[in-house]
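Structure, as structure tokens:
The values are calculated or read from the model by the stated rules, or taken from the named source; none is laboratory data. Note that the structure is predicted; figures quoted are calculated from it, not measured. Heads up, the Cβs are rebuilt from the backbone with ideal geometry, glycines too, and the neighbour counts pull from every protein chain shown. Note: accessible area is taken over every heavy atom of the protein model, side chains too, but ligands, DNA and RNA are not part of it. Shrake-Rupley method; radii C 1.70, N 1.55, O 1.52, S 1.80 Å.
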Amino acid sequence: MQLDMRKIVCFLLAIMVVLGVSAETTGRKKVAVVLSGGGAKGMAHIGALKVLERAGIPVDIITGTSMGSLVGGLYAIGYDANTLDSLVRAQDWSYLLSDRENMSRQSLVDRKKQNTYMLSTGLTLGKTVEMTGGFVKGKNIDMLLQKLCTGYTDSIDFNRLPIPFACVATDLVTYTEYDFHSGRLPQALRASMAIPAVFSPVRMGDMVLVDGGLRNNYPADVAREMGADIIIGVTVTEPPRSAEKLSNTVAIVQQLVDVNCMNKLDDNIAMTDVHICVDPKSYSAASFNKAAVDTLLRWGEEEAMKHWEELTKIGGELGAVANSKLSTLHSQNPSRRLSVLTEKVRLKGVVFENMTASDEKFLTDKFHLNRLDSISPREEALLTTAMRMDLFYRIATSRLIEEGDGYRLILTGGSRKTSQVNVGFRFDTEEIVALQTNVSLPLNKTLLVSSDITLRLGKRLMVGGELILHPKTLHFTRPAISYFYRHNDMDVYLEGEREYSVLYNHHQLNLEPVNLSVHNFDLRMGVRWDYFHFSNKLQSNQSRTVEFENDHYFSYRAQLDFNSEDDWYFPSRGARFHAGYAFITDNLAKMKGKAGLTDVNAHWRKSLSMNSRFTLQTMLYGRLIFGPELPHIFGNIMGGDTFGHYVEQQVPFAGLGHLEYAERHYLAVRLQAQQRLGSNHYVLLRTSVAQHAEHIADIMKTKTLIGVQGAYYYKTMFGPLGATLGYANRTKSPYFYINLGYVF
């Protein structure tokens, strides 16, 4: 009996302790963290959150605007500060803040377009009006938010998140503040950071939602309305600019934005208990480069540490029991959610939204969806790419919904009347100025036929079009027929002296029943008709006689391309390979009554990263032509840095700035050292060695060609800006070359 009484007493004491703890937990003050907007400057929020965690601050409420909403929203669903730190450092922000396709997930055709044109935009034809309203639609940041918020992508009450959360947007229709307390979390975060004219707004009903900073850039009042007793806030506002600093357009625009964001700011700071104010100094809202991100993360942490005594005092007053909420939240490691960014996940099924039954069957058959038990990020990206490229959906998105021990994939389509307009610009000291425009649009959404039209203006005029069939029953090929007209003015040199200048028109018709482009591979096979009409030829008195005859040719062609390089112009790793074969005739069988010409060409290059900035690259290449007398228009031409830049048969050679005549058998090797300086500056050193001869047996008996060049390039939004100085023993004279823009 005495023993039983002891048990009863212990039991009652335990109940009293539990009730006391419960009273202490429920009766304690609620802490809110408020994070301001600021674009890239908002990286400092993560550094400040690290200090709050070390101080043991339990976060009961979190609110934010723009970048503050992004950091706060992810923190609210379980990403701790260290995870967020690693996450933002790992992102390619120039890609995320654009509408470019991820190069590693594109077909080679799409990848080439992306690295040819500086501007791409979609146009919707017919009655449907595509509402964008921003320079960037934001599809890449949308996709990332969908992945990061996996499990919270359906409409929910934000008060039911692991940490109750709210974020602020601005309704442009009424120019009023809109506070998100519920809805789809990725959509809310996207609306809050939609900088007007930069990102397309988010449309909800009659509202057009943009960046919340226009009405409430630091929403401490929202946190107070949610029941916050203690507010800890982080702002990244720059000090007001003086009259002397308002000396250019950019500074004036930034000042207008900053002044507009002052609405409510003073009142909200006044209600803040601990105000961590990070001075971003020289960094702006667009400073997303690696150095800026690293620095802003550090500054946020350093500024928060200046308030260490205040923070630890709050943590101490709230007690260890309250602090257990913080450790419980962060024990819910978001690693599973992060895994959907990089790893295969278990697939529980596929759901189609806003898609026809025939399109669902097309995707199911092409990707064997009914047999997939797991899916990788690349496979998911290929699905949405096929929806856009093969089925012509204007909107093609995917998201994963947690379901038990796996995920259900949701594929969503939209209208299918989009045309894509691409614009490229180039300046160089050889061609002066060139402009190229490309339009891709679907012609028949039932038969799945698309067209591609290209116009180039400059010294090399070109206009052409291609029709592509996307058969639902033949998944291995997209048969194509194309026609191109080129008006070319070509200067060709021999040992540094101009051999001839020729002005000609070139008509070309291609029929390619085999046209396969999958990830890093591109295979094309078909027949081609060429007609050349020479309108003018100038030849030096010292040069040999070169005959150009108006004539047509038929050829059977095949080419295979592979590219796994991580950058189109300045790769640090990966390989590129090309192999081409052509049998050229003038009557489908022979050339001038003899056997036809055989053209075999190939190149292979490999980039080896020695460290994070220095890369060595080796390239082997050549072109061999076998057969009877060679029409001069098909002869080998060497010079420049790129295959086929000025004429189709051009092969590069370091040290030669002009097009230089070469014999019909040509083999070469090129070595390159590439040093990256900062984020976008590159210094290149190249040397080329080549042998060429009229007969293959004599190719090693002729004089060796040697060329060297040094170049500096800077990556701009218009394409690479470069200056090159070179020398070759073929010409025995240096050359200097300047260019701006992508190669086309």
Worksheet item: Would you say TYR666 is surrounded by 18 or more Cβ atoms within 10 Å (Cβ to Cβ), among the aromatic types (Phe, Trp, Tyr) and in a strand (DSSP E or B)?
Response: yes
Discussion item. Considering only residues that are in contact with a strand residue (DSSP E or B) (Cβ under 6 Å, 6 or more places away or on another chain) and either modelled with pLDDT under 95 or open to solvent by less than 60 Å² (accessible area, probe 1.4 Å) (or both), which ones fall in region 575-592?
Written reply: ALA575, ARG576, HIS578, ALA579, GLY580, ALA582, PHE583, ILE584, THR585, ASP586, LEU588, MET591
Item to complete: May I ask you to list the residues in region 586-639 that are in contact with a Phe, Trp or Tyr (Cβ under 7 Å, 6 or more places away or on another chain), farther than 20 Å from ASN550 by Cβ and in a loop (DSSP other than H, G, I, E, B)?
Response: ASN636, GLY639
Discussion item. Can you confirm whether PHE135 is under 25 Å from ILE231 (Cβ atoms) and aromatic (Phe, Trp, Tyr)?
Written reply: no
Discussion item. Exactly one of these conditions fails for PHE158: (1) farther than 16 Å from GLY72 by Cα; (2) in contact (Cβ under 8 Å) with a residue 40 or more places away in the chain; (3) aromatic (Phe, Trp, Tyr). Give me its number.
Written reply: (1)
Worksheet item: Quick one: which strands (runs of 3 or more DSSP E) sit completely within region 168-236 and have at least 2 residues that are open to solvent by less than 20 Å² (accessible area, probe 1.4 Å) and within 17 Å of GLY72 (Cα to Cα)?
Response: 230-235
Worksheet item: If you check VAL647 against the conditions, is it closer than 22 Å to ARG605 by Cα, open to solvent by less than 20 Å² (accessible area, probe 1.4 Å) and in a loop (DSSP other than H, G, I, E, B)?
Response: yes
Worksheet item: Which of the residues that make up region 7-50 are at pLDDT below 90, open to solvent by 60 Å² or more (accessible area, probe 1.4 Å) and not in a helix (DSSP H, G or I)?
Response: LYS29
Fill in: The listed residue being touching a His at 6+ places or on another chain (Cβ under 9 Å), farther than 24 Å from ASP428 by Cβ, at pLDDT 95 or above and of a type in the set (A, V, I, L, M, F, W, C), out of LEU616, LEU620
LEU620
Discussion item. Residues that are open to solvent by 40 Å² or more (accessible area, probe 1.4 Å), of a type in the set (A, V, I, L, M, F, W, C) and either in contact with an Asp or Glu (Cβ under 8 Å, 6 or more places away or on another chain) or not in a loop (DSSP other than H, G, I, E, B) (or both): does region 534-543 have at least one?
Written reply: yes
Discussion item. Being touching a strand residue (DSSP E or B) at 6+ places or on another chain (Cβ under 9 Å), surrounded by 16 or more Cβ atoms within 10 Å (Cβ to Cβ) and modelled with pLDDT under 95: is that true of TYR742 here?
Written reply: yes
Response to the item:
Restricted to region 693-716 and to residues being free of Cβ contacts under 8 Å to residues at least 60 places away in the same chain and in a helix (DSSP H, G or I), the residue most open to solvent (accessible area, probe 1.4 Å) is ALA697
